[in-house]
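Here is the structure we will look at.
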Amino acid sequence: MNQSSFQKIWISNPTRHGNRYAWRVAGKVVGTVVLAMALLIGLTFLALWLHWPMGTVSLVVCLGITALVIWMALRIGRQASRDTLIFCQDREDRLFVIDARKFVPYERGILGFFSMAAHTQKILRNLTQSGVLERYLSEKQSLVGLEPQILRVENLRERPEEYALVCRVRYPHGGEGKASYRLIRGLEDEAGLLRALESLREAEHLVEPRKNTQPARILASGVFLAALVALCALSHPAVGQLPDTLYFPCLGLSIVALWIFLYFVIKQRRGE
C-alpha cells in the first residue's frame, strides 16, 4: 500500500514490484499456445503409434485441448484483471477504481495484442511509479470527474480466489449506476481495502433481500448444454449412434447454449 497523509493506493504485488505486465501476459499466452500444439501433435502421434481409432481420438483431443485452453485463458484474464485494477482513496475518504486497460486503444491480431500489453505496462508504470496518481489524489478535486467513484457497496461476496464486488458508482460524466468488479486476491494491504469497502456497505436493514435465481438458471442451462453435447457426440460420424445430419444443428445449438450457460455463471460469480 502506498500512503501519503490519508490517501491510499491498492495495487497488486506484481505491479508494485517490477511491473512486468507485458512480459507476464505475453509469456503465458505463448506458453498456452505452445502447450496446446504440443499436446495436439503428441497425442496424434501416440494414437497413430498405438493404432487407436482416429475419429474418436480427434474428437476427444479437440474437446480436451479446447477445455484446457479456455481454462488457461480464464486464468490469464483473471491475473490481468488483478494487475490492471487500481483502487485508491483520497484525503476525503472518497474511494475510486481505475482500470488501466481502458486507456489502451484496441488493436487487432496477435501483434496488436502484444502491443496493447506493452502499452498497458507503460500506463501502469506511469500511474504507480512516477507519482502521477499521488499528485491527483492530493489535489482538492482528486479524481472526481476523472474516474468512477464508489458511492456504496451493494454486495461483497468472498470466493476462494477473489471477491465479487457490486457497487453503486458515480461515473466521470456525473451519472450514477451499478458496476461489478472482480477483486482478485493478491493486492497489497488487501485487508485495508476490504475495510474501506465494508465502510461503504449498505446497512443490512435497509436492503431488501433478493432471491438468488442464478443457481436454478445455471442448472437448467447446464443440463440443456450437456444434452446437446451428448447429441453431438452420438451423431458424430466417428460414433454413428445417431444420424449424422443431427451433428451440425446440435453443434450450433450447443454453442448458443454454452454462451447462455456462461452468462449465468458470470452473473453468479459477480454476485449480481
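The values are calculated or read from the model by the stated rules, or taken from the named source; none is laboratory data. Only a predicted model underlies this, so the values are computations on that prediction, with no experimental measurement involved. Note that we place each Cβ from the backbone using ideal geometry, even for glycine, and neighbour counts take in every protein chain shown. Accessible surface areas use protein heavy atoms only, side chains included; no ligands, DNA or RNA. Shrake-Rupley method; radii C 1.70, N 1.55, O 1.52, S 1.80 Å.
Cβ separations smaller than 7 Å between residues 6+ apart or across chains give the following pairs from segment 74-87 residues that are in a helix (DSSP H, G or I) to residues that are hydroxyl-bearing (S, T, Y) and buried (at least 18 other Cβ atoms within 10 Å of the Cβ): R82/S12; D83/S12; D83/T15; D83/Y21; T84/T120. Residues in segment 100-113 that are under 25 Å from Y181 (Cα atoms) and basic (K, R) were compared, and the one that is farthest from the chain's Cα centre (by Cα) is K102.
Filter segment 149-162 down to the residues that are open to solvent by less than 20 Å² (accessible area, probe 1.4 Å) and either among the hydroxyl-bearing types (S, T, Y) or modelled with pLDDT of 90 or more (or both) and list them by number.
Kept after step one, since they are open to solvent by less than 20 Å² (accessible area, probe 1.4 Å), are these residues of segment 149-162: 150, 153, 162.
Across segment 149-162, the qualifying residues are I150, V153.
Kindly indicate whether S180 is polar (S, T, N, Q), part of a strand (DSSP E or B) and in contact (Cβ under 8 Å) with a residue 40 or more places away in the chain.
yes
Do you know which of the residues in segment 3-39 that are more than 23 Å from the chain's Cα centre (by Cα) and either buried (at least 18 other Cβ atoms within 10 Å of the Cβ) or part of a helix (DSSP H, G or I) (or both) is modelled with the lowest pLDDT?
Going residue by residue through segment 3-39, those that are more than 23 Å from the chain's Cα centre (by Cα) are 3-8, 37-39.
Within this subset, residues satisfying the condition of being either buried (at least 18 other Cβ atoms within 10 Å of the Cβ) or part of a helix (DSSP H, G or I) (or both) are 7-8, 37-39.
Working: Q7: 83, K8: 90, M37: 92, A38: 93, L39: 92.
Once the filter is applied, the top-ranked residue is Q7.
Residues that are under 9 Å from A238 (Cβ atoms) and open to solvent by less than 80 Å² (accessible area, probe 1.4 Å) were ranked within segment 40-56; the one that is nearest to the chain's Cα centre (by Cα) is T56. Q141 falls short on exactly one of the conditions (1) modelled with pLDDT under 85; (2) more than 28 Å from L262 (Cα to Cα), and that condition is (1). Would you confirm, using the coordinates I've provided, whether L95 is closer than 28 Å to K267 by Cα and modelled with pLDDT of 90 or more? Yes. Selection of segment 167-188 for residues being out of contact with any Leu (no Cβ under 8 Å at 6 or more places or on another chain) and modelled with pLDDT of 85 or more yields Y171, H173, G174, G175, G177, K178, A179. Looking at this structure, is V69 part of a helix (DSSP H, G or I), surrounded by 16 or more Cβ atoms within 10 Å (Cβ to Cβ), among the aliphatic types (A, V, I, L, M) and out of contact with any Cys (no Cβ under 7 Å at 6 or more places or on another chain)? Criteria not met by V69.
Could you please give the count of residues in segment 40-58 that are in a helix (DSSP H, G or I) and on the phi > 0 side of the Ramachandran plot? Break it down stepwise before answering.
First pass over segment 40-58, keeping only residues in a helix (DSSP H, G or I): 40-50, 54-58.
Narrowing further to those that are on the phi > 0 side of the Ramachandran plot: none.
The number of residues fulfilling the criteria is 0.
Only one of the numbered conditions (1) open to solvent by less than 80 Å² (accessible area, probe 1.4 Å); (2) touching a residue at least 60 places away in the same chain (Cβ under 8 Å); (3) closer than 20 Å to E190 by Cβ is violated by D99, and that is (2). Scanning segment 114-146 for residues that are open to solvent by 70 Å² or more (accessible area, probe 1.4 Å) and more than 27 Å from the chain's Cα centre (by Cα) gives R135, Y136, E139, K140, Q141.
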